[in-house]
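The values are calculated or read from the model by the stated rules, or taken from the named source; none is laboratory data. A quick note: this is a predicted structure, and the numbers were derived from the prediction, not measured. When we count neighbours, we look across all protein chains shown, and the Cβ atoms used for this are built from the backbone with ideal geometry, even at glycine.
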Amino acid sequence: MISEIQTINRLLASVRILEVNGWAKDVDVAEYYTTQYIYPVRDIFNDAKDFCIGSKLIDKTQKGVRLSDIGRAYLALGDQKNNVVLLEPNNKQKDFLSRRVFLVDGILDLVKEILYHFNRSSDGTLQLKKEEAGVLDNQSFLKLLLQLEILVSKGDFIQLAPQYGELLEKVVSRLWVITPEAFEKSEAEKREIARIAEEYVMQSERTRLKDSGAILQSERVEHVAKENVAAGYDIASFNDEGSTIPDRFIEVKAGKTTPIRFFFSRNEVETAKRLKAKYFIYYVCMKDKKPRELFIFTDPVAGVMKDKKFLTQTDTYEISEK
């Protein structure tokens, strides 16, 4: 994925200059692009070409490449000096790209993936905290949306520009609609990730105990959650070889490396209060459904839940009629 709008202008300008009888040879465009402009890197050219083909700004056949009608219309909006189109896109070009390329079928799916993380403010503005935006997967595409001013930076937030609100309203309103099928798929993925994380912690505990000489204890680590999901913890383990009964009760949480974020149920909180220093949270950082890193929190009620670096949220509360 390209990360700068200027690469679109450079690619389209290269094709227009080299078109002969309506077509330009790929190899000639690549040579011109990587020698005339400030980024003489072939990978960037390939990314720009793939993007322009995918977004229908240029056409490609066995004859080569050429500007599409959309591509020609886009270049025609550019600022010119001595009959040469300037490579820096102006506001008309940005708006053209937004409405004709980025906010239509195809690339719109990538926009949806970004907007899915946004929330509505009290005045109805769609926005996302910058610190949360910094951990989104597709940073290059986020950068493009900011350059096009589809998204705008305002204080501590990134917001959807108001001029595109009406255009995207129907799309946005559907982002938070969850069908039963989608819900079941999401829950299945959560269960799979939880299973992987718990098995990882089970193996980690056994290894830790064996390495410390607690062979007998390593063989007695119990995966409690397989038999009792209401226990308030997932794994019953041991601190060391001096432990004759389980004295390390582990609740396994799984998520991204940053920011650390997990839900702590009412049952888990009450169990942690009762067990105090014997209760642990093992937070497994996952990527592509594989454990990458492990954080351990001891006595979370007295520790992480009172740490100002973390925002505490508990669920759920039961409401019943008297």
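Counting only residues that are loosely packed, with under 12 Cβ neighbours inside 10 Å and modelled with pLDDT of 85 or more, give me the strands (runs of 3 or more DSSP E) lying completely in region 18-134 with at least 1 of them. Before the answer, list the steps.
Numbers: elements: 58-61, 64-67, 126-129.
Filter on region 18-134 gives 58-61.
Restricting attention to region 223-234, does a residue exist that is part of a loop (DSSP other than H, G, I, E, B), in the same structural domain as VAL284 (by TED's automatic domain parsing), in contact (Cβ under 8 Å) with a residue 24 or more places away in the chain and surrounded by fewer than 16 Cβ atoms within 10 Å (Cβ to Cβ)?
Start the filter on region 223-234 by keeping residues that are part of a loop (DSSP other than H, G, I, E, B), which leaves 227-234.
Then keep just the ones that are in the same structural domain as VAL284 (by TED's automatic domain parsing); that gives 227-234.
From what is left, the residues that are in contact (Cβ under 8 Å) with a residue 24 or more places away in the chain are 230-234.
Next, from what is left, pick out any that are surrounded by fewer than 16 Cβ atoms within 10 Å (Cβ to Cβ): 230.
Checked region 223-234: at least one residue is part of a loop (DSSP other than H, G, I, E, B), in the same structural domain as VAL284 (by TED's automatic domain parsing), in contact (Cβ under 8 Å) with a residue 24 or more places away in the chain and surrounded by fewer than 16 Cβ atoms within 10 Å (Cβ to Cβ).
Taking the conditions exactly as written (part of a loop (DSSP other than H, G, I, E, B) and either among the basic types (Lys, Arg) or not assigned by TED's automatic domain parsing to the domain that holds LYS56 (or both)), does GLU149 satisfy them or not?
Yes, satisfied.
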Selection from region 278-295 of residues surrounded by 12 or more Cβ atoms within 10 Å (Cβ to Cβ) and either in contact with a Leu (Cβ under 6 Å, 6 or more places away or on another chain) or under 25 Å from ASN239 (Cβ atoms) (or both) yields LYS278, TYR279, PHE280, ILE281, TYR282, TYR283, VAL284, CYS285, PRO291, LEU294, PHE295
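Based on what the data block shows, is GLY165 of a type outside the set (D, E, K, R), more than 30 Å from LYS25 (Cβ to Cβ), out of contact with any Lys or Arg (no Cβ under 6 Å at 6 or more places or on another chain) and modelled with pLDDT under 90? I'd like the intermediate steps shown before the answer.
Numbers: of a type outside the set (D, E, K, R): yes; more than 30 Å from LYS25 (Cβ to Cβ): yes; out of contact with any Lys or Arg (no Cβ under 6 Å at 6 or more places or on another chain): yes; modelled with pLDDT under 90: yes.
Yes, satisfied.
Does ASP234 satisfy the condition of being among the charged types (D, E, K, R), at pLDDT 95 or above and under 19 Å from PHE262 (Cβ atoms)?
Values: among the charged types (D, E, K, R): yes; at pLDDT 95 or above: yes; under 19 Å from PHE262 (Cβ atoms): yes.
When the stated conditions are applied, ASP234 passes them.
Before we move on, is GLY134 farther than 15 Å from TYR164 by Cα and without any contact (Cβ under 8 Å) to a residue 40 or more places away in the chain?
Values: farther than 15 Å from TYR164 by Cα: yes; without any contact (Cβ under 8 Å) to a residue 40 or more places away in the chain: yes.
Answer is yes for this residue.
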In the set GLU198, GLU131, GLU149, the lone residue that is within 17 Å of the chain's Cα centre (by Cα) and acidic (Asp, Glu) is GLU131
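Can you work out which of the residues in region 245-270 that are outside any loop (DSSP other than H, G, I, E, B) and among the polar types (S, T, N, Q) is modelled with the highest pLDDT? Working first, answer last.
Filtering region 245-270 down to residues outside any loop (DSSP other than H, G, I, E, B) leaves 248-255, 264-270.
Adding the requirement that they be among the polar types (S, T, N, Q) leaves 265, 267.
On the way: SER265: 85, ASN267: 89.
Looking at the filtered set, the residue picked out is ASN267.
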Notebook entry, point to check: Yes or no: ARG274 part of a loop (DSSP other than H, G, I, E, B) and surrounded by fewer than 19 Cβ atoms within 10 Å (Cβ to Cβ)?
Noted result: no
